Protein chains: 2
Amino acid sequence: MTSPRFATLDDIRAAFADLPEPDAEAISAARARDAVLTKPPGALGRLEQVAAWMAGWQGSDRPRVASPQIVVFAANHGVAARGVSAFPPEVTAQMVANFEAGGAAINQLAQAFGARLDVHALDLDRPTEDMTEAPAMTEDDLAAAMSAGWAAVAEDSDLLICGEMGIGNTTAAAALAAALYGGRAEDWTGAGTGVAGKALEAKVATVKAALDRHEAALSDPLEALRRVGGRELAAMAGAILRARHGRVPVILDGFICTAAAAVLERARHGALDHALAGHLSAEGAHAALLDRLGKAPLVSLGLRLGEGSGAAVALGVVQAALACHSGMATFAEAGVSEG
Amino acid sequence: MTSPRFATLDDIRAAFADLPEPDAEAISAARARDAVLTKPPGALGRLEQVAAWMAGWQGSDRPRVASPQIVVFAANHGVAARGVSAFPPEVTAQMVANFEAGGAAINQLAQAFGARLDVHALDLDRPTEDMTEAPAMTEDDLAAAMSAGWAAVAEDSDLLICGEMGIGNTTAAAALAAALYGGRAEDWTGAGTGVAGKALEAKVATVKAALDRHEAALSDPLEALRRVGGRELAAMAGAILRARHGRVPVILDGFICTAAAAVLERARHGALDHALAGHLSAEGAHAALLDRLGKAPLVSLGLRLGEGSGAAVALGVVQAALACHSGMATFAEAGVSEG
């Protein structure tokens, strides 16, 4: 086991200093190739944009996804004791066992689209602190969780999806989104696994209490993550940051994943340029969050499961885009007259 | 070679008499299964609806797609001589050669999603009549083309996608949609492969001329198909009708495929219950056509290529839905607490 990537918050901040940019020449070359493929110009719509974007991050005019990786991070939340979820906290560990046994939705999707699936349970027996009473994590906790995310990205991964499981984590994500972008607790708090009525009101009050408790410290995105986030959110942020350093493109999942990713964008503008929005979740505030990030989702199918499931469905769209772009014949190769 | 399925229009009409319905028990059983899978109720959104719908047509509470089939029909249009396309008519045959050589978008998509791809060129050396001057097809032509579509559906096909290639066929589809649902030529006529300005005005005028020419006969959907359609549209209608008789679910492609399919719905209400809308095309009138059919597309990615390409991308979504539904563990199997 190598030493953790981050020991302190300063270590984390330093990792934002030298983010690689996409390969502009590869993008131009991909667009030039697209223009001579056997189809009317623009006829593959968003698929053409995805192919060019992938070309930039992979540095090739014919990008491919040979080793897609899905990493699911699981963690427990002190705030879950406040009854913010429709499910009891022990479900986090039960679902980790389900992931390991191959029985969850993300297992089926990983298999369907040929992705490697890794599951990392982060100190499940040690929930974060209740964020309405104290910072969810210490600085050591945050650095360890982000390091776990960093280390989880496989050496040969050429596309990354981060998923999560953690009873109570839409509550943390709502507080985090509000901390990063302002607005009221009720603007960012939704049904999660399925709370409504009085339970939803109590969830909103919990988010508000957390925001009030930590108000003075929330202008720093990493501090916001530490205080109202959770280990799986920190790990996703660490993995997505690691992907950027390796120029590995990322497909964002739903509200919780996007909130974790937004920490990076708020810490440094452009830090999510290597990430596209996989899907629009049915979790109410996801659309607003994607809007703040300026990202349009690939699919919108009413999913609200987490686990990376929405991004995994979008992986099929990315595979379709690359199959067309990299596999099609040109007008000259096929002897087809141009319009 | 067996004799054609249809010799006359009466033969075709007779094929609407005994359309099988979905298996209501299988739908109920699929919904009951969905309710105990390891996820919050409803958390897979549209994927859950797709799985239940597939269950009904396959008559199984755990539907699967083992042998998806894409059939592309190609034909030439007399009306193409009026310059309604950005491409010359010889491109139809050139693209058929490209399909056969594996170089087109649909070849890559079929491979990406594990679908069988068949290509049927329908009398390319014998374009239909110019619909502004005469019926596009004789009754024999129509019966032959619908028979070709009927025969193209493979015995073991468990999901069907119909695609098309035919320079000039958005002009035919626009006229057909207007014939089936009313409205002005300009409401249904779009850019196709990429016409704009004066060329688009001329395309609208061509559609209007065809509608005026055949006005008295357009209230019969099959007559509308014969007079302003084309062989590839008739073949798609025949294939989709054949699929219904075999309870094979269908994913509709874009504007041209949907216009062909709409002939069935207008001939008998409910005749497209076995078909779902794969995608929303960028071809302007597709949204209006899907709206008339009461079908919501699975994806909306700005495609406007035809060939079955949008439906093929949607096949990935259907595969995702079935993988989850049929492969996931139940709460009891996984030992996960229910909410």
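The values are calculated or read from the model by the stated rules, or taken from the named source; none is laboratory data. Not measured: the values here are computed from a predicted model. Cβ sites come from the backbone with ideal geometry, for glycine too, and all protein chains shown count toward neighbours. Note: accessible area is taken over every heavy atom of the protein model, side chains too, but ligands, DNA and RNA are not part of it. Shrake-Rupley method; radii C 1.70, N 1.55, O 1.52, S 1.80 Å.
Below is a table of values for the structure above.
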| read-out | value |
| --- | --- |
| Subset of the range A:123-133 (residues that are of a type in the set (A, V, I, L, M, F, W, C) and either free of Cβ contacts under 8 Å to residues at least 40 places away in the same chain or surrounded by 22 or more Cβ atoms within 10 Å (Cβ to Cβ) (or both)) | A:Met131 |
| In the range A:198-212, the residues that are within 16 Å of A:Arg226 (Cα to Cα) and either surrounded by fewer than 16 Cβ atoms within 10 Å (Cβ to Cβ) or modelled with pLDDT under 95 (or both) | A:Asp212 |
| Matching residues, the range B:81-122, being under 17 Å from B:Glu164 (Cα atoms), part of a helix (DSSP H, G or I), open to solvent by 20 Å² or more (accessible area, probe 1.4 Å) and among the aliphatic types (A, V, I, L, M) | B:Ala93, B:Ala97, B:Ala101 |
| Unique residue being closer than 30 Å to B:Arg231 by Cα and modelled with pLDDT of 95 or more when the list is B:Val50, B:Val71, B:Val84, B:Val36 | B:Val71 |
| Odd one out for B:Ala275 among (1) open to solvent by 20 Å² or more (accessible area, probe 1.4 Å); (2) of a type outside the set (Asp, Glu); (3) touching a strand residue (DSSP E or B) at 6+ places or on another chain (Cβ under 7 Å) | (1) |
| Considering residues of the range B:217-255 that are open to solvent by 20 Å² or more (accessible area, probe 1.4 Å) and out of contact with any helix residue (DSSP H, G or I) (no Cβ under 8 Å at 6 or more places or on another chain) only, the residue farthest from B:Pro135 (Cα to Cα) | B:Gly246 |
| In the range A:317-339, the residues that are more than 7 Å from chain B (Cβ to nearest Cβ), surrounded by fewer than 18 Cβ atoms within 10 Å (Cβ to Cβ) and at pLDDT 95 or above | A:Thr330, A:Ala332 |
| Failed item in (1) out of contact with any Gly (no Cβ under 8 Å at 6 or more places or on another chain); (2) away from chain B (no Cβ under 14 Å), with A:Ala202 passing the rest | (1) |
| Subset of the range A:174-189 (residues that are surrounded by fewer than 22 Cβ atoms within 10 Å (Cβ to Cβ) and either of a type in the set (Val, Ile, Thr) or part of a loop (DSSP other than H, G, I, E, B) (or both)) | A:Gly182, A:Gly183, A:Arg184 |
| Any pair with Cβ under 7 angstrom, 6 or more apart, that starts in the range A:77-100 at a residue that is without any contact (Cβ under 8 Å) to a residue 24 or more places away in the chain and ends at one that is β-branched (Val, Ile, Thr) | A:Gln94/B:Val336; A:Asn98/B:Thr38; A:Asn98/B:Val336; A:Glu100/A:Val119 |
| Residue list for the range B:278-305, filter: open to solvent by less than 10 Å² (accessible area, probe 1.4 Å) and in a helix (DSSP H, G or I) | B:His286, B:Leu289, B:Leu290 |
| Every pair of residues 6+ apart whose Cβ atoms lie under 8 Å, when the first sits in the range B:288-306 and is on the phi > 0 side of the Ramachandran plot and within 7 Å of chain A (Cβ to nearest Cβ) while the second is open to solvent by 40 Å² or more (accessible area, probe 1.4 Å) and not in a loop (DSSP other than H, G, I, E, B) | B:Gly302/A:Arg46 |
| Single residue of the range A:35-52 satisfying the filter (open to solvent by 40 Å² or more (accessible area, probe 1.4 Å) and part of a loop (DSSP other than H, G, I, E, B)) that is farthest from the other protein chains (Cβ to nearest Cβ) | A:Val36 |
| Set B:Ala314, B:Ala261: member being at pLDDT 95 or above, under 15 Å from the mean Cα position of the chain (by Cα), more than 14 Å from every other protein chain (Cβ to nearest Cβ) and surrounded by 24 or more Cβ atoms within 10 Å (Cβ to Cβ) | B:Ala261 |
| Inter-residue pairs, beta-carbon under 6 Å, first under 13 Å from B:His286 (Cβ atoms) and in the range B:174-188, second outside any helix (DSSP H, G or I) and open to solvent by 10 Å² or more (accessible area, probe 1.4 Å), 6+ apart | B:Ala174/B:Thr189 |
| B:Val248 on the phi < 0 side of the Ramachandran plot, assigned to a loop (DSSP other than H, G, I, E, B) and aliphatic (A, V, I, L, M) | yes |
| Of all residues in the range A:134-173 being part of a loop (DSSP other than H, G, I, E, B) and under 21 Å from A:Ala210 (Cα atoms), the one that is most open to solvent (accessible area, probe 1.4 Å) | A:Thr138 |
| Those residues of the range B:144-175 which are closer than 17 Å to B:Leu218 by Cβ and within 14 Å of the chain's Cα centre (by Cα), in sequence order | B:Ala173 |
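This table checks each residue for (1) exposed (fewer than 15 other Cβ atoms within 10 Å of the Cβ); (2) over 26 Å from B:Ala314 (Cβ atoms); (3) within 14 Å of chain A (Cβ to nearest Cβ).
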| residue | (1), (2), (3) |
| --- | --- |
| B:Leu9 | no, yes, no |
| B:Asp18 | yes, yes, no |
| B:Ala24 | yes, no, no |
| B:Met54 | no, no, no |
| B:Val79 | no, yes, no |
